[in-house]
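Notes to accompany the following structure.
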Amino acid sequence: MSREHKVRIKTLLVVLVMVLCANIGDLLLKSGMTHVGAVEISAEGLSETLRLAMFNSTIWLGIFFLVGFVASYMTVMSWADYSYVMPVGAFGYAVNTLLARIFLHETVSLQRWVGVFIICVGVLLVGQTKPATVSNPPV
Amino acid sequence: MIRNLLAFTLFIACGTGGEILISIGMKATGEPGSFRPLDLFRFLLKAIRNGWFWLGLPMMAISFYTLLILLSWNPISLVIPISSMSYVLGALGAKYILKEEVSVSRWTGVLLVSVGVLIVATS
């Protein structure tokens, strides 16, 4: 197995963890924030939302997953290109659409599925490029 | 509508800016020794002692709080796809700030992702 191939496999695995953490985290936050209610933009509105959100365990679980997302993001960014990780991570939109359909029971139109398909083609194109092109970091 | 537009702008600009700053910090940190928990922990500890990280983090935090607000106003399957408008902005930042090689097929992929996202966002 060539070195570039190994780097690609390693990068894609960490991106997978990253995407799953981000999507599960977002889903939990959405579910928690729906429970808290629409945010009113005023001093009282914001502090009331913050107070309610702080005592919501779903939001905390969401934050836990988003911390996992940040940790895996930092890990993969230590070797891989930003312009590789970012678009490849877009396959999360497919995961997101599936999760929203299955768990939040949101209706997913045919147009949205077409968009998700095009995103996936883009992800495949970027996925086969070289994951790390910068040998001398800018700093 | 206008408050949504403002919030989305803040969400995308701070998100991309923060990610680019953290990317600089992580390249300076270097790869973790292995994927064992202790090595990963040491690696993350080293990373957070980097100044770039502390520049990027507040920007990502602003982006995150804006996301919380956006999620309370809109369905998740609208919010998340629109957020990926930042993909083209991010690729430009990667090329000109991070000096990454953005090849033709990478650009094509990034543009397809954006087009896909636009289709999703208008559905």
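The values are calculated or read from the model by the stated rules, or taken from the named source; none is laboratory data. Worth saying up front: this structure is predicted, and the values here are computed from it rather than measured. Cβ atoms come from the backbone with ideal geometry, glycine included; neighbour counts cover every protein chain shown. Each accessible area value is taken on the protein alone, full model and side chains, heavy atoms only, with ligands, DNA and RNA left out. Shrake-Rupley method; radii C 1.70, N 1.55, O 1.52, S 1.80 Å.
Mind listing whichever residues of region B:98-119 are surrounded by fewer than 22 Cβ atoms within 10 Å (Cβ to Cβ) and among the small types (Gly, Ala, Ser)?
B:SER103, B:SER105
State all residues of region A:23-39 that are touching a residue at least 40 places away in the same chain (Cβ under 8 Å) and either under 19 Å from B:ARG36 (Cα atoms) or not acidic (Asp, Glu) (or both); if no residue qualifies, say none. Quick ask: steps written out before the conclusion?
Within region A:23-39, the first condition is being touching a residue at least 40 places away in the same chain (Cβ under 8 Å), and the residues that meet it are A:23-27, A:30-31.
Selection gives A:ASN23, A:ILE24, A:GLY25, A:LEU27, A:LYS30, A:SER31.
Has region B:19-33 got any residue that is part of a helix (DSSP H, G or I), more than 10 Å from chain A (Cβ to nearest Cβ) and farther than 20 Å from A:VAL17 by Cα?
Restricting attention to region B:19-33, the residues satisfying the condition of being part of a helix (DSSP H, G or I) are B:19-29.
Filter once more, keeping what is more than 10 Å from chain A (Cβ to nearest Cβ): B:21.
Okay, now just the ones that are also farther than 20 Å from A:VAL17 by Cα, so B:21.
Checking region B:19-33: at least one residue is part of a helix (DSSP H, G or I), more than 10 Å from chain A (Cβ to nearest Cβ) and farther than 20 Å from A:VAL17 by Cα.
Open to solvent by 30 Å² or more (accessible area, probe 1.4 Å), touching a residue at least 24 places away in the same chain (Cβ under 8 Å) and assigned to a helix (DSSP H, G or I): does that describe A:LEU20? Walk me through how you get there before you give the answer.
Working: open to solvent by 30 Å² or more (accessible area, probe 1.4 Å): yes; touching a residue at least 24 places away in the same chain (Cβ under 8 Å): yes; assigned to a helix (DSSP H, G or I): yes.
So A:LEU20 fits the description; yes.
What's the total number of residues in region A:85-131 that are facing another protein chain (nearest Cβ under 7 Å) and within 19 Å of B:LEU92 (Cα to Cα)?
Selection size over region A:85-131: 9.
Could you go through region A:109-121 and let me know if any residue there is part of a helix (DSSP H, G or I), of a type in the set (Val, Ile, Thr), open to solvent by less than 20 Å² (accessible area, probe 1.4 Å) and without any contact (Cβ under 8 Å) to a residue 24 or more places away in the chain. Explain how you work it out, then say what you get.
Narrowing region A:109-121 to residues part of a helix (DSSP H, G or I): A:110-121.
Okay, now just the ones that are also of a type in the set (Val, Ile, Thr), so A:114, A:116, A:118-119, A:121.
With open to solvent by less than 20 Å² (accessible area, probe 1.4 Å) added as a condition, the list becomes A:116, A:119.
Imposing the further condition that a residue be without any contact (Cβ under 8 Å) to a residue 24 or more places away in the chain reduces the set to A:116.
Yes, there is a match, as at least one residue in region A:109-121 is part of a helix (DSSP H, G or I), of a type in the set (Val, Ile, Thr), open to solvent by less than 20 Å² (accessible area, probe 1.4 Å) and without any contact (Cβ under 8 Å) to a residue 24 or more places away in the chain.
Please give the number of the condition B:LYS46 fails out of (1) surrounded by fewer than 22 Cβ atoms within 10 Å (Cβ to Cβ); (2) within 8 Å of chain A (Cβ to nearest Cβ).
Answer for B:LYS46: the failing condition is (2).
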